[in-house]
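The structure under discussion appears below in the form of structure tokens.
Just so it is clear, none of the values below were taken in a lab; they were calculated from the coordinates. Predicted model only: the values in this text are computed from it and were never measured. Please note: Cβ atoms are built from the backbone with ideal geometry, for glycine as well, and neighbour counts cover all protein chains shown.
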Amino acid sequence: MGEFFDWHRAAKGKANPVEPAALARLKSVAIHPFADGNGRFNMLMTNFVLRKEDFPMLNIEYKKRNAYYRSLERSQTRNDERSCLNWLFRRYKSEYRRCLADA
């Protein structure tokens, strides 16, 4: 976990906040620090990073979780962050666009 937070401090401010938020989620999934509640922890980490940068938080709806899990699995088995990052970017963009339409 210490390495994770060191990485997060170093990554802060180097990219659009959605990228470090997505990477925080991907990296915290790999750590799997708890016997229970890892999914909730991963979502909290993602939204913590977004809120620290005054970005809207992300919600992954239950019906969209299978696609998220597939992108996560592809990233982990291929040792390539892009699959999960691309999925989270598209999901964030879709959610954010919906928020703008509601405003």
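Just want the ordering: 62, 92, 68, from fewest to most Cβ atoms lying within 10 Å of their own Cβ.
Listing 62, 92, 68 from fewest to most nearby Cβ atoms yields 62, 68, 92.
Summing -39500 (n - 2.57) over the DSSP H runs of n ≥ 4 in the chain and dividing by its residue number, what mean residue ellipticity at 222 nm do you reach, to the nearest 500 deg cm²/dmol?
Calculated mean residue ellipticity at 222 nm is -23500 deg cm²/dmol.
Kindly list the residues of the range 24-48 that lie in the label zone of residue 70, defined by a backbone N under 20 Å from the point 7 Å along the Cα-to-C-beta vector.
Flagged as within label range: 26.
Could you work out how much longer the chain between residue 36 and residue 4 gets when fully extended? Use 0.36 nm per residue separation minus the Cα distance between them, nm to one decimal.
9.6 nm
Report, in cubic angstrom per residue, the convex hull volume of the C-alpha atoms of the chain.
Hull volume normalised by residue count: 105 Å³.
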